[in-house]
1. Of all residues being under 20 Å from the mean Cα position of the chain (by Cα) and polar (S, T, N, Q) in segment 34-68, which is most open to solvent (accessible area, probe 1.4 Å)? Just the residue, please.
2. List pairs: first residue in segment 41-54 and within 13 Å of GLN65 (Cβ to Cβ), second residue open to solvent by 10 Å² or more (accessible area, probe 1.4 Å) and aliphatic (A, V, I, L, M) anywhere in the structure, Cβ distance under 9 angstrom, at least six positions apart or on different chains.
3. Please tell me if ALA241 is within 17 Å of the chain's Cα centre (by Cα), open to solvent by 60 Å² or more (accessible area, probe 1.4 Å) and not acidic (Asp, Glu).
4. Within segment 254-263, is even one residue open to solvent by 40 Å² or more (accessible area, probe 1.4 Å), under 23 Å from VAL309 (Cα atoms) and in a helix (DSSP H, G or I)?
5. Go over the candidates VAL40, VAL74, VAL52, VAL60 one by one and state the one that is at pLDDT below 95 and among the β-branched types (Val, Ile, Thr).
6. Considering only segment 129-172, how many residues are in a loop (DSSP other than H, G, I, E, B) and of a type in the set (Ser, Thr, Tyr)?
7. Determine the pairs where a residue that is in contact (Cβ under 8 Å) with a residue 12 or more places away in the chain, located within segment 112-132, has a partner that is open to solvent by less than 60 Å² (accessible area, probe 1.4 Å) and charged (D, E, K, R) with Cβ atoms under 8 Å apart, the partner being 6 or more residues away or on another chain.
8. Find the residue count for segment 131-149, including only residues that are hydrophobic (A, V, I, L, M, F, W, C) and more than 18 Å from ILE199 (Cα to Cα).
Amino acid sequence: MHPVHQPNRDLAAPRAQEPAEEEKCDFIGGTLSGAISLAVNEFANKNKIPYVAYCQSDMVLGTDQGKYGFAFMVIPYSAALATSKYAFENLGKKWFSITADYRWGQSLLEGWLWQSQQMGAQFLGNVYAPLGATDFSTYFTKIMAANPEVLVMNNLGADQTAAIKQLSELGLSKKMKIVCTKTAMTTMKEAGGAYDENIMGGMTFYWGLQGKYPGARKFMDAYMKKFGQPIEQDGESGYVATNALFMAMEKAKTVTDKEKIIAAMEGLKYTLTKGPETVRACDHQREQSYLLVRGKGKNAKGWDLADIVAEIPGASIIMTCEQNAKRLPFANVKLP
């Protein structure tokens, strides 16, 4: 299997093509970008090469679905459904959002808007920020004028870190709860004391699960011994995806017959880093739980950056196979 981590979508398919043709690779693994995963998935299906994706991706929805692609992190809308349900039940129903202005961010916003309608929450507005934005202060006047109980961040990485730091510097993070639909340990580290108890984030995996699941403890013990720090959720996704592929090979009793391996992967059941999970046969999506963590801010020590406050069951945040095939109900959500 050859990993693909090309950050540019236009170059992703050619980057996947190189090992497939030059090195005669039979399988592809990656990437860290949902947009890139769509391009690699398209290439894999055209060339009949099994592909396991590590990132949040819409590749299992609508016309992007394909026989050869499997997704091992949650669908973006699942992250939105998990975080929004918790927020509306526990933090407040009046919400405003900052959304990264590209497909992934928009997919998260669709999930929040749909859940908001279902739970009778009040959407106060949204601002779209370009990918790579460094100054979020220009948005704060509009946000604070709306007086939300919850500020939703549909962004990630340096963008999210910058927004959290600037909100904290202006004392605004104390005036509302902040929910990051997807967050990361690196963001918590970089934000430092600003990522405090007023900020919550969504994750598919956090090392603190080792206190709940034997598989997580075994995995983290081995990883910490080798690398000296906990793994990010994207790495856990790659670990599970690779293990699932090998399990499918064992089940199919072949390492070369791709059709048999794909058939064995469909409906595969396993327990690795969390509770029992399955790869849905109908759309090739890993069905898994989603975590809500709360920052520790100045009380964080080392990699003890957050507390797990909720684990949302996977079955409650994924639509039926028939709905995913038609991108429903989110295809009917009107974005602002």
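1. GLN65
2. Final answer for the pair search is GLU42/ALA13; ALA44/ALA20.
3. Values: within 17 Å of the chain's Cα centre (by Cα): yes; open to solvent by 60 Å² or more (accessible area, probe 1.4 Å): no; not acidic (Asp, Glu): yes.
No; evaluated as a whole, the condition is false for this residue.
4. We begin by selecting, within segment 254-263, every residue open to solvent by 40 Å² or more (accessible area, probe 1.4 Å); these are 255-260, 263.
Among the residues that remain, those that are also under 23 Å from VAL309 (Cα atoms) are: none.
Within segment 254-263 (the criterion being open to solvent by 40 Å² or more (accessible area, probe 1.4 Å), under 23 Å from VAL309 (Cα atoms) and in a helix (DSSP H, G or I)), the answer is no, since none of the residues qualifies.
5. Every option except VAL40 fails the conditions.
6. Keep residues of segment 129-172 that are in a loop (DSSP other than H, G, I, E, B), which gives 130-136, 147-149, 155-156, 170-171.
From what is left, the residues that are of a type in the set (Ser, Thr, Tyr) are 134.
Final tally of qualifying residues: 1.
7. Pairs found: ALA129/ASP159; LEU131/ASP159; GLY132/ASP159.
8. First, the residues of segment 131-149 that are hydrophobic (A, V, I, L, M, F, W, C): 131, 133, 136, 140, 143-146.
Pick out the ones that are also more than 18 Å from ILE199 (Cα to Cα) and you get 131, 133, 145-146.
Matching residues across segment 131-149 total 4.
The values are calculated or read from the model by the stated rules, or taken from the named source; none is laboratory data. Here the structure is a predicted model, which means the values were calculated and not measured. Don't worry about glycine lacking a Cβ; one is built from the backbone with ideal geometry, like all the others, and counts go over all protein chains shown. Ligands, DNA and RNA are stripped out before the accessible areas are found, and what is left, the full protein with its side chains, is counted by its heavy atoms. Shrake-Rupley method; radii C 1.70, N 1.55, O 1.52, S 1.80 Å.
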